[in-house]
1. Starting from residues that are open to solvent by 30 Å² or more (accessible area, probe 1.4 Å) and among the hydrophobic types (A, V, I, L, M, F, W, C), keep the ones in the range 17-29 and report whichever is nearest to the chain's Cα centre (by Cα).
2. Return the residues of the range 53-90 that are open to solvent by less than 20 Å² (accessible area, probe 1.4 Å), in a helix (DSSP H, G or I) and within 23 Å of L162 (Cα to Cα); say none if nothing qualifies.
3. Looking only at the range 66-89, count how many residues are under 20 Å from G169 (Cα atoms) and touching a Cys at 6+ places or on another chain (Cβ under 8 Å).
4. Return the residues of the range 97-141 that are touching a strand residue (DSSP E or B) at 6+ places or on another chain (Cβ under 6 Å) and surrounded by 15 or more Cβ atoms within 10 Å (Cβ to Cβ); say none if nothing qualifies.
5. Taking K44 as the residue in question, decide whether it is basic (K, R) and either crowded, with 18+ Cβ neighbours inside 10 Å or under 26 Å from W142 (Cα atoms) (or both).
6. Go through the range 82-124 residue by residue and tally those that are closer than 14 Å to R146 by Cα and hydrophobic (A, V, I, L, M, F, W, C).
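The values are calculated or read from the model by the stated rules, or taken from the named source; none is laboratory data. Keep in mind the model is a prediction, meaning the values are calculated, not measured. Reconstructed Cβ throughout: ideal geometry from the backbone, glycine too, with neighbour counts over all protein chains shown. Heads up: the accessible areas ignore ligands, DNA and RNA and are worked out on the full protein's heavy atoms, side chains in. Shrake-Rupley method; radii C 1.70, N 1.55, O 1.52, S 1.80 Å.
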Amino acid sequence: MANPVLIVLGGLPGTGKTTIARELVARSPCTYLRIDTIEQALMKSSSLEEVGPAGYVVACELAGSILALGMSVVADCVNPLPVTREAWRAVATGTSSGLLEVEIVCSDQAEHRRRVESRTTDIPGLIPPTWEAVMRHEYETWTTSRLVIDSALVGASEAAHLIMERSRGQLRASERPTSGCERG
């Protein structure tokens with residue numbers, strides 16, 4: 001990526017965001033910011049039981065600093081609310097960086113549940129959410145344009161390829177991505 005780009009991967013836990021993010025950073029020199037890691041570090045460093053918006057605030061500040069240096073960023077987060085989505089947009093605007101918002105979904109509910117119930121964590125101290133917690137997670141419908149990738153239909157490698165192509169501007173706005181992806 002010639003100019004810095006902020007790629008924000010959002011979606012419920014267990015949809016495949018982290019797997020796709022790791023595939024992206026393996027293909028392109030960029031910084032990877034994972035909200036789960038930031039939030040767990042905040043909880044570990046203090047007596048916080050709930051970090052609230054702090055993880056997003058820290059991630060946005062870090063992303064802004066990195067983008068200002070001319071380096072691209074992949075942010076891996078649920079990004080559940082219009083306010084969190086707007087915060088990422090403000091970071092991109094404030095650093096004159098490109099922005100690609102990506103919503104990762106898993107249309108196969110049985111597969112999504114299997115992923116949530118069978119996953120282990122690579123973040124010390126992090127307890128993954130239960131399926132019931134994922135289903136209760138506050139997550140408002142997107143009302144802005146974004147790339148939607150259905151991880152039940154597209155593997156991580158293909159998803160990363162599609163995201164990289166879109167981030168490079170090689171897909172015109174009038175083209176509809178294929179293979180389980182759509183523009184929202």
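1. Of everything passing the filter in the range 17-29, V25 is nearest to the chain's Cα centre (by Cα).
2. A63, L67, R85, W88
3. Initial filter on the range 66-89 (under 20 Å from G169 (Cα atoms)): 67, 70-75, 88-89.
Now narrow it down to the ones that are touching a Cys at 6+ places or on another chain (Cβ under 8 Å): 71-74, 88.
So the count comes out to 5.
4. First pass over the range 97-141, keeping only residues touching a strand residue (DSSP E or B) at 6+ places or on another chain (Cβ under 6 Å): 97-105, 107.
Scanning the range 97-141 gives S97, G98, L99, L100, E101, V102, E103, I104, V105.
5. Numbers: basic (K, R): yes; either crowded, with 18+ Cβ neighbours inside 10 Å or under 26 Å from W142 (Cα atoms) (or both): no.
No, not satisfied.
6. Final tally of qualifying residues: 6.
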